[in-house]
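Since the structure comes first, as structure tokens, the remarks are kept for the end.
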Amino acid sequence: MVVDPTAFVVTFILILPAELPDKTFIATLVLSTRYAALSVWIGVGLAFAVQSAIAVAAGQVLSLLPRTPVLIAISVLFTVGAVVMFRSAANSQPSTALEEEAEHPETPPNPGRWRAIWVSFGVLFAAEWGDLSQLTTAGLAARFDAPWAVFFGSWFALLLVAGLAVLAGRWLASRLSFVVIHRVSGTLLALLAVITALEAWGLSLI
């Protein structure tokens, strides 16, 4: 198994800022106030692995279609993602869930490791279904002929977001500018949309 470093880095860089202020981060933070942090991270990580695998498989199926229409469709997908990120930046406000957890932190109970893992898996699997990160992963899998690199790039980015949420979620929420993060993510998606559109017209840049 050979992992394309370019596809891995591009995927990781695109997914990470898109998910930092998203519901993935918030849901993981809230779960970590109710269950042991390691159990939450394992459950969330398993959900992300399944979701990333599904997205990559969908992208591989998409890549079997004629190349030019596929590239145009991927460019449109990235453009939509960029618009979503910029609109999120314009409307960004502190999350009610984050505010409540910061004001009333709870001591995680000890309900049993496996129960915590499966609850965390179920919550994040449902939350991520059809999410922008999953659509972006599918688009990248169709864009690059490197399914393993896209899978690991997406999964590692999501694992890092989950790790940050369970270890330092409230601290990060009070210090990071999610407006800036959304804008950075939107800019990266817009750039990739342009590159993909140019490639559809026969001008390959990456």
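A few notes on this one:
- Hits in the stretch 81-98 (condition: modelled with pLDDT under 75, over 27 Å from residue 33 (Cβ atoms) and surrounded by fewer than 16 Cβ atoms within 10 Å (Cβ to Cβ)): 90
- Of the helices (runs of 4 or more DSSP H) that lie entirely inside the stretch 1-76, those containing 2 or more residues that are in contact with an Asp or Glu (Cβ under 8 Å, 6 or more places away or on another chain) and of a type in the set (A, V, I, L, M, F, W, C) span 23-32, 37-62.
The values are calculated or read from the model by the stated rules, or taken from the named source; none is laboratory data. All values derive from a computational prediction rather than experimental measurement. Using ideal geometry, Cβ is built from the backbone for each residue, glycine included, and neighbour counts are taken over all protein chains shown.
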